[in-house]
1. Please list, or write none, the lysines whose alpha carbon is within less than 23 Å of the alpha carbon of B:Lys19, excluding same-chain residues fewer than 8 places away.
2. Mind checking which of B:Ser93, B:Ser59, B:Ser50 has the largest fluctuation in a GNM of chain B, springs on alpha carbons under 10 Å?
3. Under the 0.36 nm per residue contour assumption, what length would be gained going from the current alpha-carbon distance of B:Ser62 and B:Gln101 to full extension?
4. List the lysines whose Cα lies under 17 Å from the Cα of A:Lys69, skipping any in the same chain that are fewer than 8 positions away.
5. Consider just the alpha-carbon atoms of chain B and return their Rg together with their Dmax, both in angstrom.
6. How long is the gain from B:Lys53 to B:Thr113 if the chain were fully straight, where each residue apart is worth 0.36 nm and the alpha carbon distance is subtracted?
7. Please report the projected area of the protein assembly as shown's Cα convex hull averaged over all directions, in nm².
8. A:Arg108 versus A:Ser28, label points 7 Å from Cα toward the beta carbon: distance in nm?
Amino acid sequence: AQSVTQLDSHVSVSEGTPVLLRCNYSSSYSPSLFWYVQHPNKGLQLLLKYTSAATLVKGINGFEAEFKKSETSFHLTKPSAHMSDAAEYFCVVSLYNNNDMRFGAGTRLTVKP
Amino acid sequence: DTEVTQTPKHLVMGMTNKKSLKCEQHMGHRAMYWYKQKAKKPPELMFVYSYEKLSINESVPSRFSPECPNSSLLNLHLHALQPEDSALYLCASSQGLSGSQYEQYFGPGTRLTVT
C-alpha cells in the first residue's frame, strides 16, 4: 500500500521569499508523484509530476520538486513567492500500473505582502 | 485543448429531487473520474471509468449513479441525497488509468448544496 504525508497543514511566507512545502511518501514500489494546486472554489491544476525520469522536476509557475528515494520525500519549492501562489497544495502518490492514487491532506500556502 | 468542463457550476437541490452533473472533455482521454471534495479536505475518489466502462466504484451510496454515454462525456445522476452530500464535485480525465505516468486533468467542479 502507498500513502503520502504532507508535513505542514499551513505555511505562511512573505512575498519574494522562498517557498518549501514538504511531502513524504510511503510506497513498496516505484511511485509516480504529483503536485497539484487548488485555488479557492476551483478545480485542481497539475504543477509537476515525477515518473522515474530526472529526480529534479521543474513545473509551471517557477515551482520545482526533487525526488529523494533515500528520504522518501518529494518536497515542492519555489525561489520567490508571489501573491498569486496563495492556494491549497496537494501531494499525490500512485503506483505504476495501479489505479490507486492517494492524496495528501493538503498544505495551505498563505503569502503576505 | 486541455480543458475539462463541468455543468452546472452551482446546484441547490432538495432531498427528494433528481438532478444530474455533467462533465465533458475533448482531449481523447479514455479514463474519467468523479471525486467528492468537502471543505478543507483532499478530493475523495468516487468512480472511475476506463474506456467507457465502470472500473472502480469506491463503495459510493446508490443515490449517486454514474453514467458514461461516450468517451467524451461523464454524468453523475443524483437522487434522494442527504445534506451531508453537500460538497464540491470534481470531474477529471486522463490519457490512461492513473497510477502510471498519466496525470489527471480536473474540471472546475460543481458546488452542490442539498437542503
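Throughout, read-outs are computed from the coordinates displayed, never taken from laboratory work. Bear in mind the structure is a predicted one, so any value in this text is a computation, not a measurement. Here the Cβ is made from the backbone with ideal geometry for all residues, glycine too, and neighbour counts use every protein chain on show.
1. A:Lys42, B:Lys9, B:Lys36, B:Lys38, B:Lys53
2. Of B:Ser93, B:Ser59, B:Ser50, the most mobile in the Gaussian network model is B:Ser59.
3. Result: 10.9 nm gained on full extension.
4. A:Lys49
5. 13.3, 42
6. Separation in residues times 0.36 nm, less the Cα-Cα distance, equals 18.8 nm.
7. So the mean shadow area of the Cα hull is 12.4 nm².
8. Calculated label separation equals 3.6 nm.
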